Amino acid sequence: MDATGCVPTTLAMVISGITGTEVLPTTVADYLYIHTNEFNKDGFGTSSRGIVRAAQHWDLTTETLFTASAVKEVLSQGHHVLGAVGTSIFAHYPVTHELVLKGYDNGKTYVRDPYNAANNGWYLVDYLFGVKSVDPTDNTEGSPFIAIKG
């Protein structure tokens with residue numbers, strides 16, 4: 001997976017957290033590669049449609065989030081959000097990167113970066129939404145922010 005593994009890794013983190021069963025990033029990547037065209041087939045990495053397909057495979061539901069307010073609302077309800085960001089402290093042009101968001105307190109959410117744990121911490125949701133990916137692959141569902149629910 002190497003440089004294209006952020007979505008399978010974030011999905012594995014969230015699926016494992018919600019279901020209580022360990023799911024490895026390689027298991028998610030294998031599912032996406034074998035059963036969909038959403039991982040490393042039509043381009044570099046995983047599309048946001050791949051997030052939805054993998055969540056469905058593990059009997060989870062998704063909700064595409066179109067505004068920062070919607071992200072805040074879902075986080076305040078205790079759900080996980082996967083968010084693809086562009087140029088920021090997490091990624092440098094032309095690369096985009098997937099993050100796990102969980103929790104909400106005073107405008108901030110806790111970010112888990114599957115590539116660099118030094119970036120883990122509390123960030124303003126408005127900042128994250130402001131650096132959202134505009135790459136079409138990250139926006140196949142209309143937005144690069146997708147809630148995953150049990």
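Being exposed (fewer than 14 other Cβ atoms within 10 Å of the Cβ) and either at negative phi or touching a Phe, Trp or Tyr at 6+ places or on another chain (Cβ under 9 Å) (or both) is the filter here, so list the residues in segment 107-125 that pass it.
N116, A117, A118, G121, W122, L124
Tally the residues that are among the hydroxyl-bearing types (S, T, Y), at pLDDT 90 or above and more than 12 Å from the chain's Cα centre (by Cα), restricting the search to segment 35-63.
Count: 1.
With the condition being within 30 Å of I34 (Cα to Cα) and touching a helix residue (DSSP H, G or I) at 6+ places or on another chain (Cβ under 6 Å), I'd like the strands (runs of 3 or more DSSP E) fully within segment 47-150 carrying at least 2 qualifying residues.
So the answer is 80-85, 97-105, 145-149.
Under 8 Å between Cβ atoms, at least 6 apart or on separate chains: pull out the pairs that start in segment 16-35 with a residue that is under 21 Å from K149 (Cβ atoms) and surrounded by 13 or more Cβ atoms within 10 Å (Cβ to Cβ) and end on any residue that is modelled with pLDDT of 95 or more and aromatic (F, W, Y).
As it stands, the answer is T19/W58; V23/W58, since those pairs meet every condition given.
Go through (1) buried (at least 18 other Cβ atoms within 10 Å of the Cβ); (2) closer than 21 Å to A55 by Cα; (3) of a type outside the set (A, V, I, L, M); (4) touching a Ser or Thr at 6+ places or on another chain (Cβ under 9 Å) one by one and return the number of the condition G86 breaks.
Single failed check for G86: (2).
Cβ contacts < 7 Å: first residue at negative phi and among the aromatic types (F, W, Y), restricted to segment 49-69; second residue surrounded by fewer than 20 Cβ atoms within 10 Å (Cβ to Cβ) and assigned to a loop (DSSP other than H, G, I, E, B), any location; separation 6+ or different chain. Result?
Note: pairs meeting the criteria are F66/G142.
For segment 103-140, enumerate the residues that are in contact with a Leu (Cβ under 8 Å, 6 or more places away or on another chain) and either among the hydroxyl-bearing types (S, T, Y) or over 22 Å from S48 (Cα atoms) (or both).
The answer is Y104, G107, K108, T109, Y110.
If I ask for residues that are hydroxyl-bearing (S, T, Y) and either touching a Gly at 6+ places or on another chain (Cβ under 8 Å) or modelled with pLDDT under 95 (or both), which ones from segment 64-81 would you list?
T64
Can you tell me how many residues in segment 132-148 are surrounded by fewer than 15 Cβ atoms within 10 Å (Cβ to Cβ) and in contact (Cβ under 8 Å) with a residue 12 or more places away in the chain?
The number of residues fulfilling the criteria is 2.
The values are calculated or read from the model by the stated rules, or taken from the named source; none is laboratory data. If you're wondering where the values come from, they're calculated on a predicted model, not measured in any experiment. Note that each Cβ is placed from the backbone with ideal geometry, even for glycine, and that neighbours are counted across all protein chains shown.
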